[in-house]
Amino acid sequence: MRMSRQALVVGASGMLTGVARWLAEQGYLVTLVGRDQGRLAQVRDGSLYPQSFTLLPLDYHRTDHLREAMEQLIGENRHIDLVVAWIHQTAPDALPTIQQVISRPNKNWSLYHVCGSKAWLHPPIVQEIASCTYHQIILGFICENEQKSRWLTNNEIAQGVIRSIQSQEMQSIVGQVEPWDRRPSS
């Protein structure tokens, strides 16, 4: 049976590993984008559905390479239904590039933009594109008691992103972002 739904997971080899594997379990063909071929292969090889993955090793900071890779992906008659993207602020052109290339042939697709906790106070400026439904996921922290807080674990992040995809909320927070002064320092 050929699976028809397609997903792209950018920054897939770390905290989004669980999300990529879950998407494959849901019947998506998943293209994994990340810098390290070996780490991308670990995401695929640790899955129950390794045949559901395509590895796309590249550094999204190199906008020209990203654009070429996205155009090639789309040129292979791939209709991308869903994108989950964790993109560092050091690559400000990466998300708009992905949006522009994917939106050309795709009429209805969803973008789940995973952002760090600072997005709570300083939301990223994201280009509105008619064919793209934009969802923002803000990663917060956990207050364990009155004195101690910590950042989310990779598993907590993955579970929160999965819940966000399932609920299709326009904005969701994984963990908490208030009180802001309780954010972990490191």
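The values are calculated or read from the model by the stated rules, or taken from the named source; none is laboratory data. Please read all numbers here as calculations on a predicted model, not as lab measurements. Neighbour counts run over all protein chains shown; Cβ positions are idealised from the backbone, glycine included. The protein model used for the area step is the full one, side chains on, heavy atoms only, and it has no ligands, DNA or RNA in it. Shrake-Rupley method; radii C 1.70, N 1.55, O 1.52, S 1.80 Å.
For region 98-123, the set of residues classified as within 18 Å of residue 7 (Cβ to Cβ), in contact with a helix residue (DSSP H, G or I) (Cβ under 9 Å, 6 or more places away or on another chain) and in a helix (DSSP H, G or I) consists of 98, 101, 102, listed by residue number. Taking strands (runs of 3 or more DSSP E) as the structural unit, those lying wholly within region 1-84 and holding at least 2 residues that are without any contact (Cβ under 8 Å) to a residue 60 or more places away in the chain and either open to solvent by less than 40 Å² (accessible area, probe 1.4 Å) or farther than 18 Å from residue 164 by Cβ (or both) correspond to 29-34, 53-57. Is there a residue in region 87-97 that is surrounded by fewer than 17 Cβ atoms within 10 Å (Cβ to Cβ), of a type in the set (Val, Ile, Thr) and touching a strand residue (DSSP E or B) at 6+ places or on another chain (Cβ under 7 Å)? Within region 87-97 (the criterion being surrounded by fewer than 17 Cβ atoms within 10 Å (Cβ to Cβ), of a type in the set (Val, Ile, Thr) and touching a strand residue (DSSP E or B) at 6+ places or on another chain (Cβ under 7 Å)), the answer is no, since none of the residues qualifies. The number of residues in region 109-126 being in contact (Cβ under 8 Å) with a residue 60 or more places away in the chain and of a type in the set (Ser, Thr, Tyr) comes to 1.
So that you can scan it fast, the table gives a plain yes or no per residue for (1) in contact (Cβ under 8 Å) with a residue 24 or more places away in the chain; (2) under 18 Å from the mean Cα position of the chain (by Cα):
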| site | (1), (2) |
| --- | --- |
| 102 | yes, yes |
| 107 | yes, no |
| 128 | no, yes |
| 138 | yes, yes |
| 155 | yes, yes |
| 159 | yes, yes |
| 163 | no, yes |
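Residue count for region 137-151, restricted to those that are crowded, with 18+ Cβ neighbours inside 10 Å and either among the charged types (D, E, K, R) or within 24 Å of residue 82 (Cα to Cα) (or both): 4. Checked against (1) in a strand (DSSP E or B); (2) farther than 22 Å from residue 159 by Cβ, residue 95 passes all but a single condition, namely (1).
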